[in-house]
Amino acid sequence: MNRAIWQKLLSLESRDITQQRFEQIHSRTLNARRAREINAAARQAREYFRNGSNSDHSVRPLLTFYGVASLSRALLLLLKPDGGEEGLNRGHGIEAVRWGEVVSGGNIDGLPRLNELRICVRSGLFSDFMKYTRNRMSMHIRSGGVDWRFCYDLPDHAEQMSIGDLFSRIPDLWEDYSDLSDVRRHVAVQDLSYSEDNGLQVKIRKENSSGIISAYQELGYAAVDDGESCALTCSADRAEREIPQFVHTYVNKMFGAIPKLFIAEPFPGGARYSQLCMTYMVSFVLGMLVRYFPTHWIALVQGEKGDSMWPTIVRAQQVVEESYPELVAEMIRDASATGH
């Protein structure tokens, strides 16, 4: 656990500071009951993360997921303008779609197919979380602070994605994921500019970017070739309708402090997700594998045949543990400063 980040998150365990943050965001007073709900969820989250960080891989992702869910509850209750826990939807809010058809019982033949497992959004904690965080993306362009922020549209609950769809869009996983697939759905941003008059321009390297360039051309972007680089450009109006899927590295930062910015292909069906939501989904996938498919999970841990996804899974667990608390602390700080 990163002590500096969790020290910042202790503000969620303080009634007085929680009420202060709420007033900064909403310009209204938070009642004592709601403050206690936020404090309790934050305290549970810290304990889940602490116990997860000290546990064996056989259960670690599940404990971490409970921590992610609790910390998410604390954040959404802080961002929710009215009502408390009683108004939240029940259930995870993410559904594992027919996983038993890929992995079932004691048969470990499904290990090489874990990439095919699919999830979709349903009514529950995650859908509430997206709603009250507004699927908000905090952008780091040239600094460790938030330079820009915007909100993606909430995705259709009917849209599904595979674990491969998710992992291939997260640059912190690429070093390990590239051993499983050469399908790379993200590329580093070299430069980015935006104005009402000139629209959006995202400069990227052309190498290994043909799929991304094609995806954005289909959305109405122009691709301007500049030798080794390519600029994806569009008007301000189109950028507002078809804002790119951005994602950062929070584990592998520039100079150890600045999250590196990448552009990724939109998810199937055109959905976009904030970094918070993407990381939440990664934790759900790992936690549910541990909880509902323990035979397959232990086979991965023990290095049985078909375990090629194990290095990527270990890296994904690291990404959740290190970046999710930081993303929540960043959201609280930015929302308190901007008042929304």
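In region 56-172, which helices (runs of 4 or more DSSP H) lie fully inside it and hold 1 or more residues that are among the aromatic types (Phe, Trp, Tyr) and out of contact with any helix residue (DSSP H, G or I) (no Cβ under 6 Å at 6 or more places or on another chain)? Before the answer, list the steps.
Details: elements: 60-79, 125-133, 163-167.
Answer list for region 56-172: 125-133.
Quick test for you: out of Asn198, Asn208, pick the one residue that is polar (S, T, N, Q) and more than 26 Å from the chain's Cα centre (by Cα). Steps first, please.
Working: Asn208 fails: more than 26 Å from the chain's Cα centre (by Cα).
Selected residue: Asn198, the only one of Asn198, Asn208 that is polar (S, T, N, Q) and more than 26 Å from the chain's Cα centre (by Cα).
Name the residues in region 197-211 that are part of a strand (DSSP E or B) and open to solvent by less than 70 Å² (accessible area, probe 1.4 Å), would you? Write out each step before concluding.
First, the residues of region 197-211 that are part of a strand (DSSP E or B): 199-205.
Gly199, Leu200, Val202, Lys203, Ile204 - these are the residues of region 197-211 that are part of a strand (DSSP E or B) and open to solvent by less than 70 Å² (accessible area, probe 1.4 Å).
In region 235-256, which residue that is under 19 Å from the mean Cα position of the chain (by Cα) and over 23 Å from Asp197 (Cβ atoms) is most open to solvent (accessible area, probe 1.4 Å)? Outline the logic, then answer.
Initially, region 235-256 is screened for residues under 19 Å from the mean Cα position of the chain (by Cα), giving 243-253.
Next cut, over 23 Å from Asp197 (Cβ atoms) only: 245, 247-253.
Details: Gln245: 1, Val247: 2, His248: 1, Thr249: 5, Tyr250: 12, Val251: 35, Asn252: 73, Lys253: 48 Å².
Checked region 235-256; the qualifying residue most open to solvent (accessible area, probe 1.4 Å) is Asn252.
Please work out which one of (1) surrounded by fewer than 21 Cβ atoms within 10 Å (Cβ to Cβ); (2) free of Cβ contacts under 8 Å to residues at least 60 places away in the same chain is the condition Gln318 fails and give its number.
So Gln318 meets the others, but not (2).
Mind checking which residues of region 107-145 are touching a His at 6+ places or on another chain (Cβ under 7 Å) and closer than 23 Å to Ala239 by Cα?
Selection gives His140 alone.
Taking the stated definitions as given, is Ile94 open to solvent by 10 Å² or more (accessible area, probe 1.4 Å), under 30 Å from Leu200 (Cα atoms) and in contact with a Leu (Cβ under 9 Å, 6 or more places away or on another chain)? So that I can check it myself, show each step before the final result.
Details: open to solvent by 10 Å² or more (accessible area, probe 1.4 Å): yes; under 30 Å from Leu200 (Cα atoms): no; in contact with a Leu (Cβ under 9 Å, 6 or more places away or on another chain): yes.
No.
Determine which single condition Leu114 fails, assuming it passes every other condition in (1) open to solvent by 20 Å² or more (accessible area, probe 1.4 Å); (2) over 15 Å from the mean Cα position of the chain (by Cα); (3) under 24 Å from Met309 (Cβ atoms).
For Leu114, the exception is condition (1).
The values are calculated or read from the model by the stated rules, or taken from the named source; none is laboratory data. Note that this is a predicted model, so its numbers are computed, not measured. In this analysis, Cβ positions are derived from the backbone assuming ideal geometry, glycine residues included, and neighbour counts consider all displayed protein chains. Remember, those area values only see protein heavy atoms, side chains included, never the ligands or the DNA or RNA. Shrake-Rupley method; radii C 1.70, N 1.55, O 1.52, S 1.80 Å.
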